[in-house]
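The values are calculated or read from the model by the stated rules, or taken from the named source; none is laboratory data. Because the structure is a prediction, the values reported are computed rather than measured. Quick reminder, even Gly has a Cβ in these numbers, built from the backbone with ideal geometry, and neighbours come from all protein chains shown.
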Amino acid sequence: MPTHYIQANTNGRLHPASEPSISPLSRGFLYGDAVYEVWRTYHGVIFSWEEHWRRLRASATALHMRLSVAPEQMISEIRRTVSAYRAEVPRPGELYIRLQITRGAGAIGLDITLAENPDFVVLVQPCPETPRDKLRAGLHLSMATSLRRNPAQSLDPAWKTGNYLNNLLCLSEAQARGADDVVILNLAGEVTEAAVSNIAFVRGGGIVTPPLAAGILGGITRSLVLGGIAASAGVAASEETIRPADLGSMEECFLLSTTKDIVPVRGIDNIAFKLGPESVTSRVKTAFAEAARAYASAHPELAA
């Protein structure tokens, strides 16, 4: 059971997330036949709404799945869910908002034509915060050795689907060695990403991060950093194929994700990285916070 209240909205019906709400015949439950996105708020405003919706639509298209709601309708449903959450949790702070859309329920079988109407579930809870001691000390990562990232030619990691077994098992392996998170390689032995975060490094004062072609999720935070936030901090940023043998030449490392934005990494197995307020990672994290504040000011229509 969760230790905090989570508000759910299943197809427009508001209820506690602890209450069952989907059919046992849901294809999301039976087969992972679902797509999802996670937003968070900054200063009470849903951040990067359009970018996440665009990725959700692309994931659904890749799975030949019909989205049953328009973005304007979903904004309304999210606001209803947030209002219900705030009624239960006074002064909740910044929010985590997850939208999952499944192909629906129907007769048992893999054939997608057996599905009936698509279902959606919205979940609202506090946005997870990286503890301050972790931000100061940095995360410790470990490289997965028993599994590799599933290739794009199989289940493309660029699709944000309901199937995360590959990530889950890789993370479990790293955690068994005492790590906070995992570094996953692709079949070519190249660095891809962490369990649910993109990864980037600093070398020669500039940021390098694995390319999409390595087989990774096109992270929104990653895209924003590459697209201008790094430059606003006076830092060059580029994509580059990275192999384990390259890690020793990297000065810093950090993870990028929607819920945690930028989190410093102190080491990957026995390779240590620079930390601290004078680091490039710290400068870029500050620039990201400024960009999030500016976005919130510019988009009052996305207040949740």
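What to note about this one:
- Scope the range 57-67; condition crowded, with 16+ Cβ neighbours inside 10 Å and under 21 Å from N9 (Cα atoms); matching residues: A60, M65, L67
- Y36 of a type in the set (F, W, Y), more than 18 Å from H299 (Cβ to Cβ) and not in a helix (DSSP H, G or I): yes
- Among the conditions (1) out of contact with any strand residue (DSSP E or B) (no Cβ under 6 Å at 6 or more places or on another chain); (2) of a type in the set (G, A, S); (3) surrounded by 12 or more Cβ atoms within 10 Å (Cβ to Cβ), G138 misses just one, which is (1).
- As a summary of the residue check, I112 satisfies the conditions (1) within 24 Å of the chain's Cα centre (by Cα); (2) surrounded by fewer than 18 Cβ atoms within 10 Å (Cβ to Cβ); (3) within 19 Å of L155 (Cβ to Cβ); (4) not acidic (D, E) except for the one numbered (1).
- Failed item, numbered, when A188 is tested on (1) in contact (Cβ under 8 Å) with a residue 40 or more places away in the chain; (2) more than 21 Å from L139 (Cβ to Cβ); (3) part of a loop (DSSP other than H, G, I, E, B): (1)
- The listed residue being in the same structural domain as V280 (by TED's automatic domain parsing), among the acidic types (D, E) and within 23 Å of R27 (Cα to Cα), out of D119, D181, D156: D156
- Candidates R86, R103 - the one that is without any contact (Cβ under 8 Å) to a residue 12 or more places away in the chain, more than 24 Å from S223 (Cβ to Cβ), of a type outside the set (F, W, Y) and not assigned by TED's automatic domain parsing to the domain that holds L212: R86
- Candidate set: the range 133-144, residues that are of a type outside the set (G, A, S) and in contact with a Leu (Cβ under 9 Å, 6 or more places away or on another chain); chosen: the one modelled with the lowest pLDDT: R136
- For the range 24-56, the set of residues classified as buried (at least 16 other Cβ atoms within 10 Å of the Cβ) and more than 20 Å from the chain's Cα centre (by Cα) consists of S26, R27, L30, Y31, listed by residue number.
- Looking only at the range 67-89, and only at residues there that are part of a loop (DSSP other than H, G, I, E, B) and in contact with a helix residue (DSSP H, G or I) (Cβ under 9 Å, 6 or more places away or on another chain), the one that is nearest to D33 (Cα to Cα): L67
- Among residues of the range 191-201 being out of contact with any helix residue (DSSP H, G or I) (no Cβ under 6 Å at 6 or more places or on another chain) and either of a type in the set (V, I, T) or over 23 Å from W53 (Cα atoms) (or both), the one that is surrounded by the fewest Cβ atoms within 10 Å (Cβ to Cβ) is V196.
- Looking at D133, D111, D156, D119, just one residue is out of contact with any His (no Cβ under 7 Å at 6 or more places or on another chain) and either among the β-branched types (V, I, T) or within 18 Å of K260 (Cβ to Cβ) (or both), and that residue is D133.
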